[in-house]
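Written below as C-alpha cells is the structure these notes are about.
Laboratory data are not the source of any read-out in this text; all were calculated from the coordinates shown. Everything quoted here is computed from the prediction, not taken from an experiment. Heads up, the Cβs are rebuilt from the backbone with ideal geometry, glycines too, and the neighbour counts pull from every protein chain shown.
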Amino acid sequence: MSMNTQGRITAPTKINYNVSKSFSGNKALEQATKLIFETGNFNKTGIDFPAAKGLEYRLGGLEQKKDIELPGLSEPEILRHYVRLSQKNYAIDLGVYPLGSCTMKHNPRLNEKIARLPGFADVHPLQPISTVQGALELMYELSNWLTKLCNMPAVALTPKAGAHGELCGMMTIRARLDADGNSHKRRVFVPESAHGTNPATAVQCGFFVDELPANDKGCIDMKVLRSKVNELGENNDIAGIMLTNPNTCGLFESEIIEISELIHSAGGYFYCDGANFNALVGRVRPGDLGVDAMHINLHKTFSTPHGGGGPGSGPTVLSEALKDFAPVPYVIKDKLGYYSLVEEIDEMSMGRLCAFHGQMGMYSRALSYLMSHGRDGLKQATEDAVLNANYILASLSDLMSPAYSGHCMHEVLFNDTFLKNTGIDTIDFAKAMIDEGYHPMTMYFPLVVHGAMLIEPTESESKYELDRFIHTMRGLAKKAKNGDVESFKSAPQYAPTKRLDETLAARKPILRYDA
Ligand SMILES: *Cc1c(COP(=O)(O)O)cnc(C)c1O
C-alpha cells in the first residue's frame, strides 16, 4: 500500500511497479501486495456478527447502524498480507538507519524479555496498589536513574513523547510563573535551529516566541541574546528559553552556562530539549548547567523502539524551582518500602497529562537498558556515539561539505555545497541512498543550513557497518561530482514506488478506499 501523486492510497501493482512482466505481478520471491480490500471479501469469513437477540442499545441513537464492512480473509491470507507489508518497511533491524535527531539505535532484546514479564506486561492501571508493587518499584527506580543522570530533584514520568514532555515542562514553568504573580512573563526565546515542536509548544502554552539567530559556528549568537535580555531590563516579560543541547546542528552549545545565567537573572526558566541527551549521558548532567526542565526521549536515548516500532515516552526532569508544580500521578515509597501513587492535584501541581501512569512498556525497556549498561556502560555508549559520528565526519569531509568546522557531537551535519553546480540536490542524493539499501539521513533539517543532511550513526553501529556506509556515501559523492545527474534524478530505481508527492499526500490524504 502506498500513496500516489494524488495522495490516494492505491495498490502498488497499479503504479509503475518495476516488475518485468511476470504473470503474477510478483518479482522473483517478492510478492505483489494488493490492498486488503482487494484480497478480502465481505462475504467470506465473518467478523460482522449478527445482532444478538433481545439486544437493547443504550447508546441513545449512536449505535452502529450497518455492518462494519471489514474484509474477510483467511488466517494465512491476513498473516501474509501484514508480513509482506512489514518486509516493505525499512527498519533498524535490517540495516543502518542514520536518521539524525531521531536516534535510531539498536533495541537490545533483553529489553523485550523484561518488558514481556507478566508482572510488567499484564498489569492494569486500575489494579489495587498492593498487587502492582513490582511495577511501581520499577517506575520508582527508573525515576531514580533519570534524576541521578540529570542531577535534578524530580521527574514527571507520564509524558508520552518528547513533544508531550515539552508541554509538561512549559506548563510547569507557566504554573510557577503564575503562582509567583508573574503572569505577564510570556516571552520565550527559541533558537532558529530548534525542532519545530519547541515553538509549537511555547505557543500552545500561551507564550510567544522570540527567535534567536545562530552565529557562524552554529551556536546561539550571544551578542543578540545579551542585548535582548539587557534591553528588556528589570520589569521584563521573559518567561524563559527553549534550547536543545547538543543543538540540532550536532554541536554542544559552548556558552550554555552564560545562557542559563542570563535567563535566570531575567527571572526566566531554562527549558532544555533533551532529545539529544544520548550525547551527554554519563558525561554531563543537565542540572549542573542550570536546566530547569528537560524531557528525555526514552525512545531515543534509552533504546526503546519507536517510529513504526513502538510508542514514545518523554519523562521530564524538573529543577528545585519547578518540582512542586509537577503533574500527577507520581510514585512514592514509604519507610517500610511500600509504594503508592500520589494522584491528588494540590493547589501547586499543574495538573494531569494523561489518564493513567504513562507508557509502562517503555519504562521497563528503558530501565532494562539502564541497568544492563550500568553507569560505566552508559558513559561508554555516549562516547561511542560521539566517536562514530566523528569517524563519519572525518571520513567524508574531503568529498562532502561539513556545515561547520571542528568536531561534532553524536551527529554530523553536512550542507549541499559539495553538490554545487552538479544539478543534483539533497533530495536526489537521499533517493540514491535508497537504491544503495540505506534509509536516507535527515534532510533539510535544521533549516538554518542549506540543503542540510544530518547523519546520526549512534553507538550501535560497528566499524564494519560504518565503513560500508562511508564507502557508499563516498561512491555517491564521487558519482555526483562526475556529473551523473540522470542516475540521481531517476533514483530510486529499485524501490517499488518512485518519488511520491509527499506534501500533497500529507496535506490532502485520501484515506478512504472506494471500490
Ligand atoms: C524527536 C525530537 C523531539 C520530539 O520528540 P517526539 O518524541 O517525537 O515528540 C523534539 N526535539 C528534538 C530535537 C527531537 O529530535
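Considering all C-alpha pairs of region 272-357, those separated by over 15 Å amount to 68%. The slack in the chain from ASP398 to LYS27, taken as 0.36 nm per residue of separation less the alpha-carbon distance, amounts to 129.6 nm.
Here r is the Cβ-Cβ distance between GLU141 and LEU447 and R0 is 45 Å; the resulting FRET efficiency, rounded to 0.05, is 0.70.
Where does the Debye-calculated log10 I(q)/I(0) of the chain sit at q = 0.05, 0.06, 0.10, 0.12 Å⁻¹, using only Cα point scatterers of equal weight, no solvent? With one equal scatterer per Cα and no solvent, log10 I(q)/I(0) is -0.24, -0.35, -0.94, -1.24.
For region 112-371, the square roots of the Cα gyration tensor eigenvalues, ordered a ≥ b ≥ c, give a/c of at least 1.5 with a/b greater than b/c, which places it in the prolate category. Rg and Dmax of region 242-319, both derived from C-alpha coordinates alone, stand at 13.1, 43 Å.
Relative to the Cα centre, the charge distribution of region 376-507, modelled as +1 at Lys and Arg Cβ and -1 at Asp and Glu Cβ, gives a dipole magnitude of about 480 debye. Taking trypsin sites (Lys or Arg not before Pro) across region 281-375, the ones in a DSSP loop with at most 10 further Cβ atoms lying within 10 angstrom of their Cβ are LYS335. Per residue, the Cα convex hull of region 376-507 amounts to 130 Å³. What residues have an amide H closer than 5 Å to that of ASP210, excluding those fewer than 5 places away on the same chain, when H is modeled at 1.01 Å from N in the peptide plane? The list, which skips near neighbours in sequence, is VAL188, PHE189, VAL190. A straight line joining the Cα centroids of region 464-515 and region 188-227 runs 32 Å.
Backbone phi angles across region 386-391, fed through the Karplus curve with coefficients 6.51, -1.76 and 1.60 (θ = phi - 60°), yield HN-Hα couplings of 5, 4, 4, 5, 6, 5 Hz in residue order; Gly and Pro are listed as x. In summary, the aspartates and glutamates within cross-link reach of LYS66, defined as a Cα separation below 19 angstrom excluding same-chain residues under 8 places away, comprise ASP48, GLU56, ASP514.
Sites listed here are trypsin sites (Lys or Arg not before Pro) in region 64-151 whose DSSP assignment is loop and whose Cβ has at most 16 other Cβ atoms within 10 Å: LYS65, LYS66, ARG116. If we count GluC sites (Glu not before Pro) as exposed when they sit in a DSSP loop and have at most 12 other beta carbons within 10 Å, what is the longest stretch of the chain that avoids them all? Value returned for the longest uninterrupted segment is 348-515.
Note on region 272-334: with charges restricted to the Cβ of Lys and Arg (+1) and Asp and Glu (-1), its dipole about the Cα centre is near 260 debye. Rounded to the nearest 5, the antiparallel percentage of DSSP beta bridges internal to the chain is 55%.
For the charge dipole of the chain, defined by +1 on Lys and Arg C-beta atoms and -1 on Asp and Glu C-beta atoms about the Cα centroid, which residue among ILE173, HIS471, GLN31 has the Cα displaced farthest towards the positive pole? Checking the options against the dipole of the chain, the answer is GLN31.
Using 0.36 nm per residue and subtracting the Cα-Cα separation, the extra length available between THR472 and SER405 on full extension is 21.8 nm.
Taking Cβ atoms as reference points and 11 Å as the exclusive limit, the residues near LEU370 contribute a net charge of +2, counting Lys and Arg as +1 and Asp and Glu as -1.
Around the Cα centre of the chain, unit charges on the Cβ atoms of Lys, Arg, Asp and Glu (plus for the first two, minus for the last two) sum to a dipole of about 1640 debye. If you take the square roots of the eigenvalues of the alpha-carbon gyration tensor of region 139-239 and sort them as a ≥ b ≥ c, do you get rounded (a/c under 1.5), prolate (a/b over b/c) or oblate? It is prolate, given that a/c is not under 1.5 and a/b is the larger ratio.
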